[in-house]
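All remarks here apply to the structure that follows.
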Amino acid sequence: IDGKAETVNEILETIDAEKKLLKFNVVDGKMLKRYKIFEVTLQVFEKDADEAGSSSGLVKWTFDYEK
């Protein structure tokens with residue numbers, strides 16, 4: 001917050017292996033003094049392997065919050 005590192009406690013709310021998705025909900029910490037709700041979603045999108053057999057992917061971070 002304001003360029004400073006903060007520590008929060010969070011709950012791993014959702015694990016969806018098929019969609020390669022994790023959803024966290026912040027439940028404690030200074031961040032909740034500014035936000036009523038703060039949720040973080042992480043989803044991995046794999047790309048096809050190249051000719052050498054190596055693969056890569058894309059990670060999408062989504063932050064949902066309510067002031």
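The values are calculated or read from the model by the stated rules, or taken from the named source; none is laboratory data. Remember, predicted model here, so these are calculated numbers, not experimental data. What goes into the accessible areas is simple: the full protein's heavy atoms, side chains included, and nothing from ligands, DNA or RNA. Shrake-Rupley method; radii C 1.70, N 1.55, O 1.52, S 1.80 Å.
Annotations for the structure displayed:
- Count of Lys pairs (Cα-Cα under 26 Å; at least 8 positions apart or interchain) in segment 8-66: 11
- Average Cα contact separation per residue, the chain, under 8 Å, 6 or more apart, as relative contact order %: 26 percent
- Our compactness index for segment 8-66, the C-alpha radius of gyration over the empirical 2.2 N^0.38 Å, is 1.47.
- Taking all protein chains together and rolling a 1.4 Å probe, residue 37 ends up with roughly 70 Å² accessible.
- Per-residue extension of 0.36 nm, minus the Cα-Cα distance of residue 20 and residue 48, leaves a gain of 8.5 nm for this segment.
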